[in-house]
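The values are calculated or read from the model by the stated rules, or taken from the named source; none is laboratory data. Source: prediction; values computed, not measured. All Cβ positions, even for glycine, are placed from backbone atoms using ideal geometry, and neighbour counts span all protein chains on display.
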Amino acid sequence: MILRTKRITSNNSDEIYELNHKIFDGQIIYSIEYIEKICSNNNGYISYIDNEPIGYVFCDISYNHIVQKNVATMMSIGVLEKYRNLKIGKHLTEKICKNIGNDVYLYVREENHGAIQMYKNVGFIEIGKIFNYYKFKTGDENAVAMKKNMNDIIN
């Protein structure tokens, strides 16, 4: 098993779109147009194992409801289920944070305890909660807002 991670380009739009649907079926799905925009701006990474796309992360500038301004936001990160618990999500998170260079923000489902713990392990802190942020067919879910202060990193 060989893990390879590279910056996304416009050539990765279809792979990211397919991964997004496989990983988040019925949850947080992005349009192909939005993913094409993200990929054309090279705002993320995609990981492969033995040339199979297995995970991705991407960022955008987005309005944050807690700090009430536009900030660099990790919009989506996902790893195929059979490759979870191999620290690929952590690898992708660290890679995108180093790439951004500024403070990084994200929202995560309050019930996604594994993801929240992983984010804390790489230096994110909780900065607030937004009630009923996620709208799913199965009901609304709260979001935990998190931030990683890149100025605190010592290289």
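Could you please find all residues in segment 35-48 being crowded, with 17+ Cβ neighbours inside 10 Å and in a loop (DSSP other than H, G, I, E, B)? Result: Asn43, single match.
Is segment 126-135 home to any residue that is of a type in the set (Ser, Thr, Tyr) and within 30 Å of Ile2 (Cβ to Cβ)? No, there is no match, as no residue in segment 126-135 is of a type in the set (Ser, Thr, Tyr) and within 30 Å of Ile2 (Cβ to Cβ). Just so you know, in segment 63-73 the residues that are surrounded by fewer than 16 Cβ atoms within 10 Å (Cβ to Cβ) and not charged (D, E, K, R) include one that is modelled with the lowest pLDDT, and it is His65. Figure legend. Inter-residue proximity from segment 74-103: first residues closer than 17 Å to Glu18 by Cα and modelled with pLDDT under 95, second residues among the small types (Gly, Ala, Ser) and assigned to a helix (DSSP H, G or I), beta-carbon distance below 7 Å, spacing 6+ or different chains. No pairs are indicated.
Cβ-Cβ contacts under 6 Å between residues 6 or more apart (or on different chains), taken from a first residue in segment 1-25 that is in a helix (DSSP H, G or I) to a second residue that is of a type in the set (Phe, Trp, Tyr), are listed as Ile16/Tyr56; Leu19/Tyr56; Asn20/Tyr30.
Given the structure, is Asn51 on the phi > 0 side of the Ramachandran plot, in contact with a strand residue (DSSP E or B) (Cβ under 9 Å, 6 or more places away or on another chain) and surrounded by fewer than 16 Cβ atoms within 10 Å (Cβ to Cβ)?
Yes; evaluated as a whole, the condition is true for this residue.
Report yes if Ile29 is surrounded by fewer than 17 Cβ atoms within 10 Å (Cβ to Cβ), assigned to a strand (DSSP E or B), at pLDDT below 95 and of a type in the set (Val, Ile, Thr), otherwise no. No.
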